Ligand SMILES: [Zn+2]
């Protein structure tokens with residue numbers, strides 16, 4: 001299951017205090033060929049992979065592993081809406097589809113970017129699909145909210161246009177309820193679901 005793997009990766013990031021985003025590349029046969037995750041807050045990584053920098057994004061972690069080749073029919077799946085840097089990297093690598101779980105309205109305007117680019121770049125700008133419905137969409141958005149509550153409480157203290165207040169409040173209940181101590185993503189979302197049911 002693609003989203004299960006994506007969220008396992010995002011969970012590893014969150015447990016390491018990095019921003020919780022995971023990503024995988026899926027080939028035209030539907031197989032996961034490469035996986036990556038955010039390591040912005042970490043002191044190490046597998047050889048050749050980014051860590052300890054704010055640009056250590058999950059999508060870039062996947063793309064940085066790829067040899068120069070044709071990637072027709074490949075799709076990058078991310079647990080969160082990709083940023084402009086990662087969309088540009090997708091375009092440069094030649095991957096034309098990205099599917100994301102959670103929403104990140106900070107980057108909604110990237111849909112307008114092709115309009116200001118030359119046709120050479122704009123013509124193959126990656127098509128973004130998301131946020132996902134149901135579990136994947138809500139979990140993909142909840143993870144960054146949990147990170148904010150746990151590691152940037154000042155930003156989580158006030159409502160903003162970038163994250164629905166209901167998501168922040170749910171994240172607060174999850175953090176208070178010990179969700180961050182769960183070793184696996186599966187355990188985490190079971191506990192998060194039981195905390196939501198007891199509201
Ligand atoms: Zn990015």
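Pairs only if they're at least six apart or on different chains, beta carbon under 6 angstrom, first in the range 53-71 and under 22 Å from residue 42 (Cα atoms) and without any contact (Cβ under 8 Å) to a residue 24 or more places away in the chain, second more than 12 Å from the ligand (Cβ to nearest atom) and part of a loop (DSSP other than H, G, I, E, B); list them, first residue then second.
Within 6 Å, no pair qualifies.
Residue check, residue 102 against (1) more than 14 Å from the ligand (Cβ to nearest atom); (2) closer than 25 Å to residue 53 by Cβ, all met but one. Which one?
(1)
From 105, 126, 144, 131, grab the single residue that is touching a strand residue (DSSP E or B) at 6+ places or on another chain (Cβ under 9 Å) and closer than 24 Å to residue 182 by Cα. Explain how you work it out, then say what you get.
Working: 105 fails: closer than 24 Å to residue 182 by Cα; 126 fails: closer than 24 Å to residue 182 by Cα; 131 fails: closer than 24 Å to residue 182 by Cα.
Every option except 144 fails the conditions.
Yes/no matrix, rows are residues, columns are (1) surrounded by fewer than 18 Cβ atoms within 10 Å (Cβ to Cβ); (2) modelled with pLDDT of 95 or more; (3) not in a helix (DSSP H, G or I):
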{"site": "131", "(1), (2), (3)": "no, yes, yes"}
{"site": "135", "(1), (2), (3)": "yes, no, no"}
{"site": "188", "(1), (2), (3)": "no, yes, no"}
{"site": "195", "(1), (2), (3)": "yes, no, no"}
{"site": "199", "(1), (2), (3)": "yes, no, yes"}
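Right, residue 23: crowded, with 19+ Cβ neighbours inside 10 Å and either modelled with pLDDT of 95 or more or within 19 Å of residue 132 (Cα to Cα) (or both) or not?
yes
Could you please find all residues in the range 57-89 being within 14 Å of the ligand (Cβ to nearest atom), out of contact with any strand residue (DSSP E or B) (no Cβ under 9 Å at 6 or more places or on another chain) and part of a loop (DSSP other than H, G, I, E, B)?
Selection gives 83 alone.
So which of 64, 52, 73, 48 ends up being out of contact with any helix residue (DSSP H, G or I) (no Cβ under 8 Å at 6 or more places or on another chain) and over 19 Å from residue 12 (Cβ atoms)?
After applying the criteria, what remains is 73.
Table: residues versus (1) under 26 Å from residue 76 (Cα atoms); (2) out of contact with any helix residue (DSSP H, G or I) (no Cβ under 7 Å at 6 or more places or on another chain); (3) in contact (Cβ under 8 Å) with a residue 40 or more places away in the chain.
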residue: 127; (1), (2), (3): yes, yes, no
residue: 149; (1), (2), (3): no, no, no
residue: 156; (1), (2), (3): no, no, no
residue: 167; (1), (2), (3): yes, no, no
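Any idea how many residues of the range 110-129 are within 13 Å of the ligand (Cβ to nearest atom) and part of a loop (DSSP other than H, G, I, E, B)?
Counting residues in the range 110-129 that are within 13 Å of the ligand (Cβ to nearest atom) and part of a loop (DSSP other than H, G, I, E, B) gives 1.
Tally time: how many residues in the range 183-199 are touching a residue at least 40 places away in the same chain (Cβ under 8 Å), more than 18 Å from the chain's Cα centre (by Cα) and under 18 Å from residue 3 (Cβ atoms)?
Of the residues in the range 183-199, 1 are touching a residue at least 40 places away in the same chain (Cβ under 8 Å), more than 18 Å from the chain's Cα centre (by Cα) and under 18 Å from residue 3 (Cβ atoms).
Name every residue in the range 90-109 that is surrounded by fewer than 17 Cβ atoms within 10 Å (Cβ to Cβ) and in a helix (DSSP H, G or I), in order of residue number.
Correct list: 92, 105, 106, 108, 109.
If residue 161 meets every condition in (1) more than 26 Å from residue 196 (Cβ to Cβ); (2) exposed (fewer than 13 other Cβ atoms within 10 Å of the Cβ) apart from one, which number is that one?
The single condition residue 161 does not satisfy is (1).
The values are calculated or read from the model by the stated rules, or taken from the named source; none is laboratory data. What you are looking at is a predicted structure, and each value in this text was computed from that prediction instead of being measured. Note: ideal-geometry Cβ built from the backbone for every residue, glycine included; neighbour counts use all protein chains shown.
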